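A.B. asks: Dropping the structure in here first, questions after.
The values are calculated or read from the model by the stated rules, or taken from the named source; none is laboratory data. Here the structure is a predicted model, which is why all the values come from computation and not from measurement. Positions of Cβ are generated from backbone atoms using ideal geometry, with glycine treated the same way; all protein chains shown enter the neighbour counts. Ligands, DNA and RNA are stripped out before the accessible areas are found, and what is left, the full protein with its side chains, is counted by its heavy atoms. Shrake-Rupley method; radii C 1.70, N 1.55, O 1.52, S 1.80 Å.
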Amino acid sequence: MAQISAKPFRLALLQLGSLTANKQSNITIARSAVQAAASSVPKPQLIVLPEIWNSPYAVSSFREYSEKVPEVGTMYRKEVGEEEEGETVKAMREMARSSGCWLIGGSIPQREESTDNIYNTCTVYDPEGTLVAVHQKVHLFDIDIPGRQTFKESDTLTGGKTLTTFDTPFGKIGLGICYDIRFPEMAQIAARQGCVAMIYPAAFNITTGPMHWTLLQRARAVDNQIYIAMCSPARHPEASYQAYGHSSVVNPLGEVIVEAGHEPTTIYADVDTELLATTRRGLPVTIQRRFDVYPDVAANFL
Ligand SMILES: NC(=O)CCC(=O)C(=O)O
């Protein structure tokens with residue numbers, strides 16, 4: 001179990017509204033929301049966009065809107081061709097640079113040239129616009145609740161194969177995308193690697209949102225004594241998929257410290273590292289696990 005080493009920081013979740021089938025217009029909306037969040041006082045260190053914000057959230061759209069995502073570590077360059085990186089990636093690098101903030105770029109459909117696979121992919125940028133992390137959604141959203149909500153990401157998407165964390169000057173952050181939150185192993189591994197927070201760009205819907213959105217975040221937070229944040233698009237009455245909204249942040253005690261409604265908005269939360277430490281001192285479950293009693297689970301956690 002790694003020690004958590006972190007400094008207090010401020011988080012902004014952008015619950016973008018008015019997203020349409022026009023990618024350029026979606027990029028313009030994201031850019032102005034990032035600028036507005038970066039100008040707020042106190043200034044956030046980390047800004048988060050929602051799941052699939054540059055494209056309609058529809059299996060029939062993912063390939064058409066997909067883009068090339070370059071290798072982790074590639075730096076900002078003023079001139080870069082579409083064959084090297086897609087327009088949304090380029091725009092997000094510029095958003096990070098002009099805001100002076102770290103940016104978790106929600107997710108976009110990614111096309112992998114070598115395989116022609118499409119992924120639901122989250123990219124992360126430092127304030128210089130360097131691409132510091134790429135997370136491909138591991139657990140694809142394939143559900144069927146008859147008459148209420150059916151979705152099958154695997155019709156056009158491929159699931160990622162790796163877990164993702166990245167380091168910042170204010171602490172290590174873990175990434176998941178939406179449905180990934182239902183799989184507690186991801187957050188547990190991130191917490192044991194020393195992450196201060198798990199952040200999930202997400203888009204639950206009006207069926208599963210009221211059932212599980214808050215419950216899942218509180219569960220992951222209490223089990224692992226870390227911060228959990230989920231950032232959703234706003235509800236859009238004309239969209240084929242009705243996003244739940246309700247972007248929120250939960251603290252290590254399992255308390256919801258901020259939650260949006262379903263309208264377009266930006267919410268802010270302060271990550272309090274003292275609370276993290278006192279929670280872990282008072283309820284020391286993170287060091288009381290009995291992996292000797294459940295050795296089948298232990299292999300990946302020790
Ligand atoms: N976009 C998603 O992965 C949706 C996940 C969801 O709604 C859920 O209930 O889980």
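A.B. asks: In the list LEU163, LEU215, LEU157, which residue meets the criterion of being under 19 Å from GLY261 (Cα atoms), at pLDDT 95 or above and either out of contact with any Cys (no Cβ under 7 Å at 6 or more places or on another chain) or surrounded by fewer than 19 Cβ atoms within 10 Å (Cβ to Cβ) (or both)?
C.D. replies: Exactly one residue qualifies, and that residue is LEU215.
A.B. asks: If you don't mind, there's one more thing I want to ask. Do you know which of the residues in the range 185-212 that are more than 13 Å from the ligand (Cβ to nearest atom) and over 16 Å from ALA229 (Cβ atoms) is surrounded by the most Cβ atoms within 10 Å (Cβ to Cβ)?
C.D. replies: Checked the range 185-212; the qualifying residue surrounded by the most Cβ atoms within 10 Å (Cβ to Cβ) is GLN188.
A.B. asks: Here's something else I'd like to know. How many of the residues in the range 101-159 are touching a helix residue (DSSP H, G or I) at 6+ places or on another chain (Cβ under 9 Å) and small (Gly, Ala, Ser)?
C.D. replies: 5
A.B. asks: Where the second residue is of a type outside the set (A, V, I, L, M, F, W, C) and away from the ligand (no atom under 15 Å from the Cβ) and the first is touching a residue at least 40 places away in the same chain (Cβ under 8 Å) and over 21 Å from PHE9 (Cβ atoms) and lies in the range 179-207, which pairs have Cβ atoms under 7 Å and are six or more apart or on separate chains?
C.D. replies: GLN188/ASP223; GLN188/ASN224; ILE189/ASN300
A.B. asks: While we're here: Quick one: is SER32 free of Cβ contacts under 8 Å to residues at least 60 places away in the same chain, open to solvent by 60 Å² or more (accessible area, probe 1.4 Å) and farther than 18 Å from GLU128 by Cα?
C.D. replies: When the stated conditions are applied, SER32 passes them.
A.B. asks: May I pose another question? Name the pairs whose Cβ atoms lie under 8 Å apart, with the first residue in the range 247-270 and more than 11 Å from MET230 (Cβ to Cβ) and among the aromatic types (Phe, Trp, Tyr), the second open to solvent by 10 Å² or more (accessible area, probe 1.4 Å) and assigned to a loop (DSSP other than H, G, I, E, B), and 6 or more positions between them or separate chains?
C.D. replies: Note: pairs meeting the criteria are TYR268/SER40.
A.B. asks: Output the number of the condition that TYR125 fails; it satisfies all remaining conditions of (1) away from the ligand (no atom under 16 Å from the Cβ); (2) free of Cβ contacts under 8 Å to residues at least 12 places away in the same chain.
C.D. replies: (2)
A.B. asks: Among TYR65, TYR76, which is the only one that is open to solvent by 30 Å² or more (accessible area, probe 1.4 Å), touching a Lys or Arg at 6+ places or on another chain (Cβ under 9 Å) and of a type outside the set (S, T, N, Q)?
C.D. replies: Testing whether each residue is open to solvent by 30 Å² or more (accessible area, probe 1.4 Å), touching a Lys or Arg at 6+ places or on another chain (Cβ under 9 Å) and of a type outside the set (S, T, N, Q) leaves just TYR76.
Each row is one residue, and each column tells you yes or no for (1) of a type in the set (Phe, Trp, Tyr); (2) touching a Phe, Trp or Tyr at 6+ places or on another chain (Cβ under 6 Å); (3) open to solvent by less than 30 Å² (accessible area, probe 1.4 Å); (4) under 21 Å from ALA187 (Cα atoms).
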{"site": "ILE118", "(1), (2), (3), (4)": "no, yes, yes, no"}
{"site": "GLY129", "(1), (2), (3), (4)": "no, yes, yes, no"}
{"site": "VAL132", "(1), (2), (3), (4)": "no, yes, no, yes"}
{"site": "VAL138", "(1), (2), (3), (4)": "no, no, no, yes"}
{"site": "ASP144", "(1), (2), (3), (4)": "no, no, no, no"}
{"site": "GLY147", "(1), (2), (3), (4)": "no, no, no, no"}
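A.B. asks: Out of the range 94-135, which residues are of a type outside the set (Ser, Thr, Tyr) and more than 30 Å from LYS43 (Cβ to Cβ)? Walk me through how you get there before you give the answer.
C.D. replies: We begin by selecting, within the range 94-135, every residue of a type outside the set (Ser, Thr, Tyr); these are 94-97, 100-106, 108-113, 116-118, 120, 122, 124, 126-129, 131-135.
Of everything in the range 94-135, those that are of a type outside the set (Ser, Thr, Tyr) and more than 30 Å from LYS43 (Cβ to Cβ) turn out to be PRO109, ARG111, GLU112, GLU113, ASP116, ASN117, ILE118.
A.B. asks: Considering only residues that are closer than 21 Å to TRP102 by Cα and surrounded by fewer than 21 Cβ atoms within 10 Å (Cβ to Cβ), which ones fall in the range 166-184?
C.D. replies: Of the range 166-184, the ones closer than 21 Å to TRP102 by Cα are 166-178.
If the condition is that a residue be closer than 21 Å to TRP102 by Cα and surrounded by fewer than 21 Cβ atoms within 10 Å (Cβ to Cβ), then PHE166, ASP167, THR168, PRO169, PHE170, LYS172 are the ones that fit.
A.B. asks: Further question on the same structure: Inside the range 15-29, can you point out the residues that are over 22 Å from GLU67 (Cβ atoms) and surrounded by fewer than 22 Cβ atoms within 10 Å (Cβ to Cβ)?
C.D. replies: Within the range 15-29, just GLY17 meets the criteria.
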